[in-house]
Structures are given as structure tokens and as C-alpha cells.
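Notes for the one structure printed next.
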Amino acid sequence: MIELYTSKTPNGRKVSIMLEELGEPYEAIMVDLGKGDQFKPEFLAMNPNNKIPVIKDIDNGQVVFESGAILIYLAEKHGRFLPAPGTAERVAVLEWLFFQMASIGPMMGQLFHFRNYQGEPQTYPIERFSGEVSRIFKVMETRLSASPYLGGTDYSIADMAAYPWAKLGGFLGVDLDQLPGVSAWLELVGARPAVQRGINIPE
């Protein structure tokens, strides 16, 4: 049994997708970011960085924060969605997982912020992060034009991490019609029943 502390953000939805894929029993506990739940002492005791998601594995008491670490923890616990250690396939999945962590999420998050939460639009940051998001999607297009999934031939935690962010590309001005590889991947991943369930957690 997993307790999932989450909110309505792409980072939280990565983990609910993974839990749905695994069929792992879990309870989704809403963290109201607008009300500052992430700063409460009981939450900071689990994640001093005051960010969602966080999981608590009731089976062994293990608490894990940071979405990438959570995905790896669950993949290794269940032996699914992450290739075996020492293989080229595992290296590829981890490369693309960390590409999401370092590039897709941060750059799209900054663009979303400056487009929607900064009051009077500021030209420089919007242009800066729009350009970076465009570049990132071109990197994904290169990969997904040659491979059905980010990690290679098989669906993995790299896809679960990237999908909740990438599906927002059109909303942030990315012309997905010019990215057939990304578009095909979005359709392929989005058709999975577990993804369709997990992307709506919390409801």
C-alpha cells in the first residue's frame, strides 16, 4: 500500500500514472498548494524541499520524495518499466528520465509561470523559455522519430515522466503538427488505460 501525497500538476501525475500501471494499491492524498499545505510541519518532515509528490510505502515505512526517485523506487520494487542494471537499455531509460527532470519540466514550468502568473507580460523571459521549450521538443522529435518510446522499444518510466508535461506543449505554443514523432508518441502513450486513469489523479 502506498500513500501518495500529490496535487494537480504534471509532476504529481507522473507517479499516479506509475501506480496505475503497476496496479499497486494506493491512496492519493491531496496537498493543497494554494493553501500552503506543502509548508506544514508534517509535510516538511517527509520532504524538506516542500514539493509534491511524496510517497510513503506502508509495507516498509520508506518515504521517497522527488518524482524521478519515486519512479525508480517503484520500478525497482516491482521489477517493471526499468530495464535490468548493467544494460544499455537501462542507461537509455535513465538518460531520458533525467532529460525530463533537467529540461522538459523546468523549462516548461518557467514558461507556464511567465505566461500565466507574472501579471504584465515580460517579453524577455517569455521569449527565452519559449525558445528553450521549442528546442526541447525538437530534441524529443529526433528521438521519437527513430524510436517508439523515449527509452527505446519498450514503454518505461521515462515516458511516464515526460508525458504529463509534453501533453501541455500545444497549450504553451508548441506546434505539434510539425512534430509527427512527438505527436505519435503522445497518442500512443495517451491511449494506455492506466495513463488515462492516472492523469486524472487527484480528480
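The values are calculated or read from the model by the stated rules, or taken from the named source; none is laboratory data. This one's a predicted model, so the numbers in the text were calculated from it and none came from an experiment. FYI the Cβ positions are ideal-geometry reconstructions off the backbone, even for glycines, and counts take in every protein chain you see. The accessibility values were calculated without ligands, DNA or RNA, using every heavy atom of the protein model including side chains. Shrake-Rupley method; radii C 1.70, N 1.55, O 1.52, S 1.80 Å.
Which residues, counting only those in the range 155-164, are assigned to a helix (DSSP H, G or I), among the hydroxyl-bearing types (Ser, Thr, Tyr) and either surrounded by fewer than 24 Cβ atoms within 10 Å (Cβ to Cβ) or over 8 Å from the mean Cα position of the chain (by Cα) (or both)? Even if it seems obvious, please write down each step before you answer.
Our first condition is that a residue be assigned to a helix (DSSP H, G or I); within the range 155-164, this holds for 157-164.
Within this subset, residues satisfying the condition of being among the hydroxyl-bearing types (Ser, Thr, Tyr) are 163.
Within the range 155-164, none qualify.
Okay, residues lined up against (1) at pLDDT below 95; (2) surrounded by 18 or more Cβ atoms within 10 Å (Cβ to Cβ):
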{"site": "Glu42", "(1), (2)": "no, no"}
{"site": "Ile52", "(1), (2)": "no, yes"}
{"site": "Gln62", "(1), (2)": "no, no"}
{"site": "Glu66", "(1), (2)": "no, no"}
{"site": "Gln100", "(1), (2)": "no, yes"}
{"site": "Met108", "(1), (2)": "yes, yes"}
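What pairs come out if I take residues in the range 149-172 that are more than 18 Å from Glu66 (Cα to Cα) and pair them with residues that are part of a loop (DSSP other than H, G, I, E, B) whose C-beta lies under 6 Å away, six or more apart or interchain?
Taking only residues 6 or more apart or on different chains, the pairs are Tyr149/Tyr155.
Any idea which residue in the range 110-154 is nearest to Gly170 (Cα to Cα), counting only those that are of a type in the set (Phe, Trp, Tyr) and open to solvent by 20 Å² or more (accessible area, probe 1.4 Å)?
Among those residues, the one meeting the criterion is Phe112.
Run Gly173 past the list (1) on the phi > 0 side of the Ramachandran plot; (2) open to solvent by less than 20 Å² (accessible area, probe 1.4 Å) and report the number of the one that doesn't hold.
For Gly173, the exception is condition (2).
What residue, of Pro106, Pro83, Pro121, is part of a loop (DSSP other than H, G, I, E, B) and either under 12 Å from the mean Cα position of the chain (by Cα) or touching a residue at least 24 places away in the same chain (Cβ under 8 Å) (or both)? Before the answer, list the steps.
Details: Pro106 fails: part of a loop (DSSP other than H, G, I, E, B); Pro121 fails: either under 12 Å from the mean Cα position of the chain (by Cα) or touching a residue at least 24 places away in the same chain (Cβ under 8 Å) (or both).
Exactly one residue qualifies, and that residue is Pro83.
Name every residue in the range 1-22 that is open to solvent by 50 Å² or more (accessible area, probe 1.4 Å) and free of Cβ contacts under 8 Å to residues at least 60 places away in the same chain, in order of residue number.
The one that is open to solvent by 50 Å² or more (accessible area, probe 1.4 Å) and free of Cβ contacts under 8 Å to residues at least 60 places away in the same chain: Met1.
Which one is surrounded by the most Cβ atoms within 10 Å (Cβ to Cβ) among residues in the range 177-187 that are within 19 Å of the chain's Cα centre (by Cα), closer than 22 Å to Met101 by Cβ and aliphatic (A, V, I, L, M)?
By that ranking, first place goes to Val182.
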